[in-house]
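Quick notes on the structure that follows.
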Amino acid sequence: MLLDDGDAASALTAGESALAHLSETAQKDEAFQLALGRAQLKAGNKDKGTATLQALRKSSQTPATLSAASNALADASIDLPEAERTDRATLDKLTEDSNSLTLDGDPTKFKEQSHLIAAAWDSLGWTLFREGKSAEAESYLRASWIAEVNPETSKHLSEVASAQGYKPELDESRKLPLGSANGRNGVAEYRILVRSGKFIDIKPTGDKTIPEAQDLIVGAEYTGLFPAGSQVTLVYLGFINCHSGVCELILEP
């Protein structure tokens, strides 16, 4: 809480005080180690913060923890090549896990997978930017923002865009044109399975449907939703909206 309030010095004092009272198991808790490492860095104790977060990256198998630790180190421009390797390894594992997704699965699992992948894309994008690879960074950050609205990702993307001399246009990023309505009219919600930037499957979420929705969806351009070369599988929730002679797909974050 103190870190979120911008009081790194007090956060560090609280964290180091806790070390004297926590059990050995509690001291190794990933959330605690992550907060402690961030506090150490932000309070100016670079060596301790680096050691804490690098040790966490080596011991953790949790994608969200790995992404957060890499983000904290990237913010401080510490060991960026290793941060990039860690981020890419995390994404490789998430990509492998995602390829078993089908639309018959648990919607909660879809959301969880999307959150983890969006966080990993954000972490890698921010690391790449700190390494001076702005164009590649933007590809990951934009895909992360489309998959899940997050203030931190928005801040990162804005900074990357500013460094390249323009403002990011995000308002229309989740709206995909589907072409002529051909007599169709109305709105219906669907889950859409996309792999490697290509349409795989579609399923309505309720009783409302759009006639021959799959024919509309299959022709949409999905590659902009993914970083270049990504092989990940995601399930998007979106509305097919047919009106005024045209249809469009509006993705929910």
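Which members of segment 237-246 meet the condition of being touching a Lys or Arg at 6+ places or on another chain (Cβ under 7 Å) and at pLDDT below 95? Scanning segment 237-246 gives a single hit, LEU237.
If you take the residues of segment 174-209 that are at positive phi and of a type outside the set (S, T, N, Q), which of them is surrounded by the fewest Cβ atoms within 10 Å (Cβ to Cβ)?
Of segment 174-209, the ones at positive phi are 179, 182-183, 186, 196-197.
After this cut, where a residue has to be of a type outside the set (S, T, N, Q) as well, the list is 179, 183, 186, 197.
Details: GLY179: 12, GLY183: 8, GLY186: 14, GLY197: 18.
Checking each candidate, the answer is GLY183.
Which of the residues belonging to segment 78-104 are of a type in the set (Gly, Ala, Ser) and closer than 19 Å to LYS198 by Cα?
Initial filter on segment 78-104 (of a type in the set (Gly, Ala, Ser)): 83, 89, 98, 100.
Matches in segment 78-104: SER98, SER100.
For the subset of segment 106-137 comprising residues that are of a type in the set (Val, Ile, Thr) and in contact (Cβ under 8 Å) with a residue 24 or more places away in the chain, which member is farthest from GLY197 (Cα to Cα)? If you could, list the steps in order and put the result at the bottom.
Going residue by residue through segment 106-137, those that are of a type in the set (Val, Ile, Thr) are 108, 117, 127.
Now narrow it down to the ones that are in contact (Cβ under 8 Å) with a residue 24 or more places away in the chain: 117, 127.
Working: ILE117: 14, THR127: 23 Å.
Once the filter is applied, the top-ranked residue is THR127.
One line per residue, one yes/no per condition, for (1) in contact (Cβ under 8 Å) with a residue 24 or more places away in the chain; (2) farther than 26 Å from ALA83 by Cβ:
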position: SER139; (1), (2): yes, no
position: PRO151; (1), (2): no, no
position: SER162; (1), (2): no, no
position: PRO177; (1), (2): yes, yes
position: ALA181; (1), (2): yes, yes
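Screening LYS28 against (1) of a type in the set (Lys, Arg); (2) more than 24 Å from PHE129 (Cβ to Cβ); (3) in contact with a Gly (Cβ under 8 Å, 6 or more places away or on another chain) leaves a single unmet condition, (3). If only residues of segment 8-63 that are surrounded by 14 or more Cβ atoms within 10 Å (Cβ to Cβ) and of a type in the set (Val, Ile, Thr) are counted, the one that is nearest to GLU82 (Cα to Cα) is THR50.
Taken over segment 144-180, the criterion of being modelled with pLDDT under 85, aliphatic (A, V, I, L, M) and closer than 22 Å to ILE210 by Cβ is satisfied by no residue.
Quick check: is even one residue across segment 216-225 under 17 Å from the mean Cα position of the chain (by Cα) and either surrounded by 18 or more Cβ atoms within 10 Å (Cβ to Cβ) or acidic (Asp, Glu) (or both)? Give the derivation first.
Initial filter on segment 216-225 (under 17 Å from the mean Cα position of the chain (by Cα)): 222-225.
Subsequent filtering for residues that are either surrounded by 18 or more Cβ atoms within 10 Å (Cβ to Cβ) or acidic (Asp, Glu) (or both) retains 222, 225.
Yes, the conditions are met somewhere in segment 216-225.
Taking the criterion of being of a type in the set (Gly, Ala, Ser) and in a strand (DSSP E or B), the only residue of segment 202-253 that qualifies is GLY238. Out of curiosity, is ALA74 under 20 Å from GLY229 (Cα atoms) and surrounded by 19 or more Cβ atoms within 10 Å (Cβ to Cβ)? It is false that ALA74 is under 20 Å from GLY229 (Cα atoms) and surrounded by 19 or more Cβ atoms within 10 Å (Cβ to Cβ).
So, in segment 100-147, of the ones that are in a loop (DSSP other than H, G, I, E, B) and touching a helix residue (DSSP H, G or I) at 6+ places or on another chain (Cβ under 8 Å), which residue ends up nearest to ALA74 (Cα to Cα)? I'd like the intermediate steps shown before the answer.
From segment 100-147, those in a loop (DSSP other than H, G, I, E, B) are 100-106, 131-133; that's our starting set.
Next, from what is left, pick out any that are touching a helix residue (DSSP H, G or I) at 6+ places or on another chain (Cβ under 8 Å): 101, 131.
Details: LEU101: 31, GLU131: 9 Å.
Across segment 100-147, the extreme among qualifying residues is GLU131.
Are any of the residues in segment 15-34 among the hydrophobic types (A, V, I, L, M, F, W, C), within 22 Å of THR153 (Cβ to Cβ) and not assigned by TED's automatic domain parsing to the domain that holds ARG195?
Yes, because at least one residue in segment 15-34 is among the hydrophobic types (A, V, I, L, M, F, W, C), within 22 Å of THR153 (Cβ to Cβ) and not assigned by TED's automatic domain parsing to the domain that holds ARG195.
The values are calculated or read from the model by the stated rules, or taken from the named source; none is laboratory data. Remember, it's a predicted structure, so these values are computed and weren't measured experimentally. All Cβ positions, even for glycine, are placed from backbone atoms using ideal geometry, and neighbour counts span all protein chains on display.
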